[in-house]
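A short write-up of the structure that comes next.
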Amino acid sequence: MVERLARLCESAESMSREELLGVLKEVAGEYSDVLSSNEELMNVHKEMALQYSQMKDELEGTKRDLADKVKLIGRLTAQLHMSRNDLFGRRTEKMGDAFTSAAAGNEEASDPVDENAGEPGNSDAGTFCSAGKVIDSDGKEKSSGGRTKTPRGKRGKGLGSLAVVQEYIVDVDELDRLYGSQWYIKGWSVTKTIETVKAPLFIKATYRPILSVGTEHHLVRIPNGNPLLKGSLVSPSLGAKIMYDLAVLAQPYYRQAQDLFRDGVPLSRQDLDNWAIRLSTTYYYPVWKMLQMMALMYTGNQVDETRWMVINDGRKAGSFGFIWTHTTSELFEMNPIAVYCFKLTRGTDHLREFYGSLFGGVITSDGYISYPVYASETGGEVKASGCFAHCRRYFFYALQVRNVSGCSMEEIKALPEARALCLISDIYQADEPLKKVTAKERAVLRNTLVREKVNAFFEYIDSLDEEDPGYSAKLVQAITYAKNQRERLVMFLDDPYIPLDNLNVERKIRPVSTIRRNSLFSYSVEGAEALTIIMTLVETAKANNAHPYYYLKYLLEIMPDYISRPSPWFEGRLFPWSAEYRAYEQWEIRRALNCYSNQGAATPPKTSELKARLHKRDLHLAPHESRDAKVS
């Protein structure tokens, strides 16, 4: 069209007016058509731009959805792996097991009852790179540690408190058949076994006189009844056995009732439950309260909690309560105390109620928010320190879900999960020996030996980027936990009584988990509270090397007198470390062994006496009787 206009301009002078108007009309029509085409084209371009923008937005949304799905798949895969490990794997966080399983390529857990399965080595501090070798964070080989073999003769020395029953057995007929009559006893070889006798149950009938007083013969009845529970058959020994079997052996009441029935005692589960609740709340609760008050006098506590279901707690079905466990710091050189409490919730209200205004010091716990919240409310009177074991656990799980199939040990060691675990292992190696030294020495050594290793760990954590797309969700969670808990995790460096981790109280919670697995739940809140009272006495006794059964029995024997005549002098006798209880426990053990120890040592028979005795017995033996000589 432009060329046509140029030619028209050149020939316009030779054209008439009518010809020029005609040509211009044609050009104007063509120009109008061009403008119309251009408008349609612009509309098409706009529509294409709009569709492109929509497609771009849809693509970005699809990318985001895909990234979310990838993260979800990663989390579900990690959960599946951890669930499979929980069901069939080894429930351990030892460094050797972590790296051994990683080096094996994340194989599926083997059958737990496979008798041909090998036993991997155990090492709690370091990285297993091959059987029997441990590599620290610097790549240096160390001894594997692990379980040591019992020295020869040590087991026998540990049985010195048991009574010994001697028995001499000689088969004269067999000796005569083998060697004729020309033999005599030169000496004796001995084989030792540990024997047990199931304790019998019996009824103890206690009689007290009915007096005829004065000339009018008034009858006076001396008070006679069960000092524990009026009208009940329970005794201190039976009550202690019921609660020992529950708290120590994790036997539910219904199993105990079945066992008692087999022994000829028809007691129901309800009877045992009722006795345990009444005895605990009446006689054990005052001791529980004293132990709680004593625990608050320590400037360091360790706390944790675990779920516990109660059927009749006034809430909807499926609701869980919580058993809280408070222990004194394991680094104190005083008598350790463990106190258990049951609460319907996991809120901070329990900490406010338990500690009140009487406690001032440090609470060591996991990363649960209630502990720092409570510490912040006290205005600095209480501080909340962290737990390196929980920090290590996050990196341990991150390594477990990492796919390292086909990777060499050097490649595994270069992973951020493995590197963090090695650095934490260095901290444990440096701090573990310090548990055996005094507080002053621990403070100095922690500042010179442990602090640099803690700083090295957090310097490495700061160098990691949580936004790295190559990091798993578990690793990001571990890094975030370490950074968020840093202030609490390093607190132990400035106080020699703060432990590195909270495993001491977790070990105290483990019996509760065992009871929960067997008993499943408590029927009432009173039953759950009775369990926590019993667990307090049992675990405190165990922590002080006292026998839980004798301690429970001891309290049931002396608490009625204390309740009727309370006195500060009497209170000192109620604890498992008291001299009165220690003497009682030794007396009970000696009394249980009296039936054997009174027999004395048997005298080895002489050859001539043995032959003469058996020859005389030959005249009276029945055909089915043995001629073995047994001398006890």
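Listed here are the residues, each with its yes/no results for (1) without any contact (Cβ under 8 Å) to a residue 40 or more places away in the chain; (2) of a type in the set (K, R); (3) on the phi < 0 side of the Ramachandran plot.
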{"site": "E174", "(1), (2), (3)": "yes, no, yes"}
{"site": "S181", "(1), (2), (3)": "yes, no, yes"}
{"site": "S189", "(1), (2), (3)": "yes, no, yes"}
{"site": "T193", "(1), (2), (3)": "yes, no, yes"}
{"site": "A199", "(1), (2), (3)": "yes, no, yes"}
{"site": "K230", "(1), (2), (3)": "yes, yes, yes"}
{"site": "S237", "(1), (2), (3)": "no, no, yes"}
Those residues of the range 322-337 which are closer than 26 Å to R516 by Cα and free of Cβ contacts under 8 Å to residues at least 40 places away in the same chain, in sequence order: F322, W324, T328
So P496, is it under 30 Å from V444 (Cα atoms) and either modelled with pLDDT of 95 or more or not β-branched (V, I, T) (or both): yes
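Residues checked against (1) open to solvent by 20 Å² or more (accessible area, probe 1.4 Å); (2) of a type outside the set (S, T, Y); (3) modelled with pLDDT of 95 or more:
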| site | (1), (2), (3) |
| --- | --- |
| T328 | no, no, yes |
| T345 | yes, no, no |
| V362 | no, yes, yes |
| G380 | yes, yes, no |
Looking at (1) under 30 Å from I337 (Cα atoms); (2) in contact (Cβ under 8 Å) with a residue 24 or more places away in the chain; (3) out of contact with any Leu (no Cβ under 6 Å at 6 or more places or on another chain), which is the one condition that is false for G406? (1)
Residue list for the range 513-570, restricted to those being open to solvent by 20 Å² or more (accessible area, probe 1.4 Å), closer than 24 Å to M334 by Cα and not hydroxyl-bearing (S, T, Y): K542, A543, N545, H547, P568, W569, F570
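Which one is surrounded by the most Cβ atoms within 10 Å (Cβ to Cβ) among residues in the range 409-427 that are of a type in the set (G, A, S) and in contact (Cβ under 8 Å) with a residue 40 or more places away in the chain? Before you say what the answer is, go through the steps one by one.
Here is the first cut: in the range 409-427, the ones of a type in the set (G, A, S) are 414, 418, 420, 425.
Now restrict to residues that are in contact (Cβ under 8 Å) with a residue 40 or more places away in the chain: 418, 420, 425.
Numbers: A418: 24, A420: 26, S425: 23.
Among those residues, the one meeting the criterion is A420.
What do you reckon, is I311 open to solvent by 40 Å² or more (accessible area, probe 1.4 Å), outside any helix (DSSP H, G or I) and either modelled with pLDDT of 95 or more or β-branched (V, I, T) (or both)?
On the way: open to solvent by 40 Å² or more (accessible area, probe 1.4 Å): yes; outside any helix (DSSP H, G or I): yes; either modelled with pLDDT of 95 or more or β-branched (V, I, T) (or both): yes.
Yes.
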Restricting attention to the range 326-367, report how many residues are part of a loop (DSSP other than H, G, I, E, B) and among the basic types (K, R). 1
Got at least one residue in the range 577-584 being at pLDDT 95 or above, within 29 Å of the chain's Cα centre (by Cα) and surrounded by 22 or more Cβ atoms within 10 Å (Cβ to Cβ)? no
Among residues belonging to the range 459-486 that are more than 15 Å from A398 (Cα to Cα) and in contact (Cβ under 8 Å) with a residue 40 or more places away in the chain, point out the one that is surrounded by the fewest Cβ atoms within 10 Å (Cβ to Cβ). N484
Going through the range 254-275 in order, the residues found to be free of Cβ contacts under 8 Å to residues at least 60 places away in the same chain, under 12 Å from K241 (Cβ atoms) and surrounded by fewer than 17 Cβ atoms within 10 Å (Cβ to Cβ) are D259
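Can you find even one residue in the range 294-305 that is hydroxyl-bearing (S, T, Y), assigned to a loop (DSSP other than H, G, I, E, B) and touching a strand residue (DSSP E or B) at 6+ places or on another chain (Cβ under 6 Å)?
Within the range 294-305, the subset hydroxyl-bearing (S, T, Y) is 298-299.
Those still in the list that are assigned to a loop (DSSP other than H, G, I, E, B) too: 298-299.
Still in the list and also touching a strand residue (DSSP E or B) at 6+ places or on another chain (Cβ under 6 Å): 298-299.
Yes, there is a match, as at least one residue in the range 294-305 is hydroxyl-bearing (S, T, Y), assigned to a loop (DSSP other than H, G, I, E, B) and touching a strand residue (DSSP E or B) at 6+ places or on another chain (Cβ under 6 Å).
The values are calculated or read from the model by the stated rules, or taken from the named source; none is laboratory data. All values reported here derive from a predicted model rather than from experimental measurement. Methodologically, a virtual Cβ is constructed for each residue, glycine included, from the backbone with ideal geometry; neighbour enumeration extends over all protein chains shown. Areas reflect the complete protein model, heavy atoms only, side chains present, ligands, DNA and RNA absent. Shrake-Rupley method; radii C 1.70, N 1.55, O 1.52, S 1.80 Å.
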